[in-house]
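The values are calculated or read from the model by the stated rules, or taken from the named source; none is laboratory data. The structure presented is a predicted model; accordingly, all values stated were derived computationally and were not measured. No Cβ is skipped: glycine too gets one built from the backbone with ideal geometry, and neighbour counts run over all protein chains shown. Each accessible area value is taken on the protein alone, full model and side chains, heavy atoms only, with ligands, DNA and RNA left out. Shrake-Rupley method; radii C 1.70, N 1.55, O 1.52, S 1.80 Å.
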Amino acid sequence: MSFNSIVMVKQVPDTANIFGQVMKEDGTVNRAKLPAIFNHEDRVAIELALQIKDKFGGKVIAITMGPPRASDILRECLFMGADEAYLISDRKFAGADTLATSYVLSEAIKKIGSYDFVFAGRQAIDGDTAQVGPQTAEKLQIPQITYTEEVLSIKNGAVRIKRKIDGGFEILESTLPVLVTVIKDAVSPRPFKARRVMAFKNAKTLLELEKLTEGNSLLYIDQLKDEYISKGLYIHTLTMDDLKLDETRCGVHGSPTKVHKVESVVLAGGNHEMIEPTKEGISRLIDHLLEDHILG
Ligand SMILES: Cc1cc2nc3c(=O)[nH]c(=O)nc-3n(C[C@H](O)[C@H](O)[C@H](O)COP(=O)(O)OP(=O)(O)OC[C@H]3O[C@@H](n4cnc5c(N)ncnc54)[C@H](O)[C@@H]3O)c2cc1C
């Protein structure tokens, strides 16, 4: 029995390198200003999906909702071993919060179809909400297992999973299909094989093919697209129209949450106080922590 997986991956701003003006007038993040990286937990999610494919067979499809440059992380998924990649991109998706993001992703997953697993990272390092996975499962009306540490077994149409909880772990069993969010140290992502990098470094989206063939007839683009599809080098693009989406549920319009401000918080050493390791010292420390709302 083989299993098909769809993996949601996100290109995120390198939040360790936020400098200069990163907010646009309209309160959305100016992602073009920030170096973009592959959200680490999503790379772990790809690895877990590939390990299931190695063991049972099946297909691994990587999808991302993002601007055209997000095709970079899809190429990395192909380098790792993904079979297909989808860029879900449209100007009308910009400024999406998790509600709008999960709506678009769930509709794209429905369109791609035939999946046993939907994998996602536990959390993206920019929004940090860990909401998209569970929200997408809800919209797909499938069970979800979050904070996955290990896939223990898959048999008789059910999967057994070890998930991390405070102070320990629990073992859960779910029927398929199921959405699974993965924690960063579940498995270590495999390195890119040089053979696959050479094979897929030229994988392209339609927009990239159009750029490549600027000034050439449409006919030529279609021929080129067919050629790329036949070689497995075509990164599919899904737009608002392809998915026949409700525009009021997408992008800024579909987002009740507005990011007010993004800035780097630099923790600087302030005034400090020596606390004696005595009963009085400890109770004074606890008072301070309560005052600063660190405790309680
Ligand atoms: C500083 C900051 C704070 C924000 N705060 C909020 C907030 O409080 N509420 C809110 O609704 N939005 C918020 N946003 C917007 C938020 O970044 C976007 O909604 C984003 O698309 C998803 O939320 P997230 O980054 O928290 O992802 P998470 O929910 O943390 O992502 C979990 C997983 O979902 C998948 N995933 C997430 N986004 C995508 C995508 N675009 N394509 C494919 N897979 C994806 C990945 O597997 C990822 O690991 C914030 C953005 C920033 C930059």
Relative contact order of the range 119-222, defined on C-alpha pairs under 8 angstrom at six or more residues apart (%): 25 percent
Per-pair calculated FRET efficiency, R0 = 41 Å: Lys162 and Ile294 via Cβ, rounded to 0.05: 0.85
The range 115-123 - phi-based ³J(HN,Hα) in whole Hz, Karplus 6.51/-1.76/1.60, Gly and Pro as x: 10, 9, 10, 10, 9, 8, x, 4, 8
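With an 8 Å Cα cut-off and a minimum separation of 6 or more residues, compute the relative contact order for the chain in percent.
Working: 537 pairs, mean separation 65.3, N = 296.
In percent, rounded to a whole number, it is 22.
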Long-range amide H partners of Val118 with built H, under 5 Å: Ile6, Val178, Leu179, Val180
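Which entries in Lys55/Lys162; Lys10/Lys164; Lys10/Lys139; Lys110/Lys201; Lys110/Lys184 show an alpha-carbon gap greater than 24 Å? List each step's numbers first, then the result.
Numbers: Lys55/Lys162 18 Å; Lys10/Lys164 22 Å; Lys10/Lys139 19 Å; Lys110/Lys201 28 Å; Lys110/Lys184 27 Å.
Pairs exceeding the cut-off: Lys110/Lys201; Lys110/Lys184.
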Fraction of the pair-distance distribution of the chain above 28 Å, Cα-Cα pairs, percent: 46 percent
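Which percent, to the nearest 5, of DSSP beta bridges fully inside the chain are antiparallel?
Restricted to the chain, the bridges split so that about 40 percent are antiparallel.
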Interchain or long-range residues, amide H under 5 Å from Phe169's placed H: none
³J(HN,Hα), Karplus 6.51/-1.76/1.60, whole Hz, each residue of the range 34-41, x for Gly, Pro: 10, x, 9, 10, 8, 4, 4, 5
Heavy-atom accessible area ranking, 1.4 Å probe, most first, across His288, His260: His260, His288
Acute angle (nearest 10 degrees) that the helix 218-230 long axis makes with the longest principal axis of the chain, alpha-carbon atoms: 70 degrees
Long-range amide H partners of Val60 with built H, under 5 Å: Ser5, Asp83, Glu84
Calculated from backbone phi, Karplus (6.51, -1.76, 1.60) coupling profile of the range 282-292 in Hz, x at Gly/Pro: 4, 5, 5, 4, 4, 4, 4, 5, 5, 4, 7
